Amino acid sequence: MATDQQNWVHHLELAKFYYKNSEHSTTGSTPFQMVTNKSPIMPTTSAALGQPPSDANEEMSMVMQLDEERWCLWEMAKANLEKVHKRYKDFSNKSRQEVNLEEGDEVWLNIKNF
């Protein structure tokens, strides 16, 4: 990029490609992989490499394999999201205190954002 940052629009496609191919700590995979179940750089299946199946049984087998891989990927992402959610929840709950209020108790209200 130039030092005056005026040509950033020319780099948007590269930035988008980089973002979609960067592994996210939350899901454990790339956004592109979550949607397509493959990497645009290194396809893993013979269908992605352009080798057509020899018959209907092989095609069905490939489709089922892709579906199974995608299901495993979604399950892994779901487990990672749940783990991150638990970590955030535990961190937030560390400083919380149980408060028992009864009718007639006086409390301070912060009306700054009202």
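Data overview
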read-out: Amide H partners (placed H, <5 Å) of Ser39, local residues excluded; value: Thr44
read-out: Which of Met34, Met76 has the fewest Cβ neighbours within 10 Å, and the rest in rising order; value: Met76, Met34
read-out: Residue-span extension gain [Lys83 to Val99] - 0.36 nm each, minus C-alpha spacing; value: 3.0 nm
read-out: Cα-Cα over 29 Å, subset of Lys38/Lys78; Lys20/Lys94; Lys20/Lys86; Lys20/Lys83; Lys20/Lys78; Lys89/Lys112; value: Lys20/Lys94
read-out: q = 0.18, 0.22, 0.23, 0.25 Å⁻¹, region 60-100: log10 I(q)/I(0) [Debye, one scatterer per Cα]; value: -0.63, -0.74, -0.76, -0.80
read-out: In Hz, Karplus ³J(HN,Hα) per residue of region 108-114 (6.51, -1.76, 1.60; θ = phi - 60°; x = Gly, Pro); value: 8, 10, 9, 10, 4, 9, 8
read-out: Packing-based ranking, highest mean first, of 87-96, 100-109 given that Cβ atoms within 10 Å are counted; value: 87-96, 100-109
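Quick note: the coordinates plus some simple rules give every number you see, no bench work behind them. Worth saying up front: this structure is predicted, and the values here are computed from it rather than measured. FYI the Cβ positions are ideal-geometry reconstructions off the backbone, even for glycines, and counts take in every protein chain you see.
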